[in-house]
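Values in this text are rule-based calculations from the coordinates and carry no lab data. Since the structure is predicted, the reported quantities are computational estimates derived from the model, not experimental observations. Reconstructed Cβ throughout: ideal geometry from the backbone, glycine too, with neighbour counts over all protein chains shown.
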Amino acid sequence: MTQTDPAPARFAPTGTGLYAVFTAIMAVVLILSNLGATKGVTFGPIVTDGGFFLFPLAYIVGDVVSEVYGFRASRRAIVTTFALSVFAALCYWIVIALPGAEWYAGQDALVRTLAPVPLIVLGSLLGFLIGQLANSWLMVRLKRRSGERLLFGRLAVSTLLGEFLDTLVFCSIAAGVIGITDVPTFLNYVVVGFVFKSVVEIVLSPVTMWVIGRVKKAEPAYAG
């Protein structure tokens, strides 16, 4: 290897506890963002949903998993997250269907909050699946070409692709659930979601890179 050759890409095994922690964080963030997404939110002319501040965290964690553990491990974390999200939606459906006590007065509010979640989960499943897999695939592919160099570039490019696909698919399904019915408002919803999530991830890239560096040091495959 010459001095100009990049250091070969390395990936850590998933047998350590850190991978499980990141998978759990990804799942919790997705479940909470699905709940928050049932509420339409406006900031002046900006249209979004109540889960807008949570969802970028799932992608940041996904970037850490992809960079440190590789595409196969990232795919497994995504599938696990999906399964837990579906399980949560089934639990909501059961809770709604259970007969309420005579003194319980919150059924209508419960239905308004939790009943739309299955559709939100459907949009999230498709969007998150397509977006996260595209994000992880591109990030790992770029890493195999550049080795351990150019981490910020990998984060930025994969983020733009993943967030665009994710936002487009998710908003197409979620828009009707939160009451968006006209094209201008829908385009606002898509553009704002894509720009916000992408900007947050890119702005937080130094934090993501710091976490990646710490995890690599903690993993024997990198620290050794």
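Working note: 222 nm ellipticity from helices only, DSSP H runs with n ≥ 4, each -39,500 (n - 2.57), summed and divided by the residues of the chain, gives -25000 deg cm²/dmol to the nearest 500. Seen through its C-alpha gyration tensor, with square-root eigenvalues sorted a ≥ b ≥ c, the stretch 27-122 comes out oblate because a/c lies at 1.5 or above while a/b is not bigger than b/c. Each residue, Lys217 and Val28, gets one label point 7 Å from its Cα in the Cβ direction; the gap between the two is 2.4 nm.
Extension gain for Arg76 to Leu90 (0.36 nm times residue separation, less C-alpha to C-alpha distance): 2.9 nm. Count Lys and Arg as plus one, Asp and Glu as minus one, and take only other residues whose Cβ is under 14 Å from that of Ala77; the net charge is then +1. What is the angle, in °, between the Cα long axis of helix 183-203 and the longest principal axis of the Cα atoms in the chain? Nearest 10 is fine, range 0 to 90. Result, in degrees: 40. Taking the stretch 16-53 and a reference point 7 angstrom along Cα→Cβ of Val199, the backbone N atoms nearer than 16 Å belong to 42-49, 52-53. Projecting the Cα positions of Val157, Leu187, Ile25 onto the charge dipole of the chain (unit charges on Cβ atoms of Lys, Arg, Asp and Glu, taken about the Cα centre) puts Val157 furthest along the positive direction. Excluding same-chain neighbours fewer than eight residues apart, the aspartates and glutamates reachable from Lys197 by a Cα-Cα span under 17 Å are Asp49, Asp63, Glu163, Asp166. Placing +1 on the Cβ of every Lys and Arg and -1 on the Cβ of every Asp and Glu, with nothing else charged, gives the stretch 1-86 a dipole about its Cα centre of roughly 220 debye. Subtracting the Cα-Cα distance of Leu168 and Val21 from 0.36 nm times their residue separation leaves 50.0 nm of extension gain. Between helix 117-146 and the chain there is an angle of about 10 degrees, using the helix long axis and the longest principal axis of the Cα atoms. Shape of the stretch 38-89 from its Cα gyration tensor (a ≥ b ≥ c, root eigenvalues): rounded if a/c is under 1.5, otherwise prolate when a/b > b/c, or oblate? Because a/c hits 1.5 or more and a/b fails to exceed b/c, the stretch 38-89 counts as oblate. Identify, among Gly62, Gly100, Ser136, the residue whose Cα sits farthest towards the positive end of the charge dipole of the stretch 1-145, taking +1 on the Cβ of Lys and Arg and -1 on the Cβ of Asp and Glu, with the dipole about the Cα centre. So the residue we want is Ser136. Its Cα centre serving as origin, the chain has a Cβ charge dipole (Lys and Arg +1, Asp and Glu -1) of approximately 880 debye.
When a/c reaches 1.5 or more, the comparison of a/b and b/c decides; with that in mind, is the stretch 127-224 rounded, prolate or oblate per its Cα gyration tensor? Don't jump to the answer; show the numbers that get you there.
On the way: a/c = 2.82, a/b = 2.56, b/c = 1.10.
Prolate shape, in that a/c is at least 1.5 and a/b is the bigger ratio.
For Arg141 and Arg112, a Förster radius of 41 Å and the Cβ-Cβ distance give a FRET efficiency of 0.40, rounded to the nearest 0.05. In the list (1) 1.04; (2) 1.06; (3) 0.95, the label attached to Rg/Rh (Cα atoms, Kirkwood Rh) as derived from the coordinates here is (1). Averaging the sequence gap over all C-alpha pairs within less than 8 Å and six or more residues apart, then dividing by the number of residues, gives the chain a relative contact order of 29 percent.
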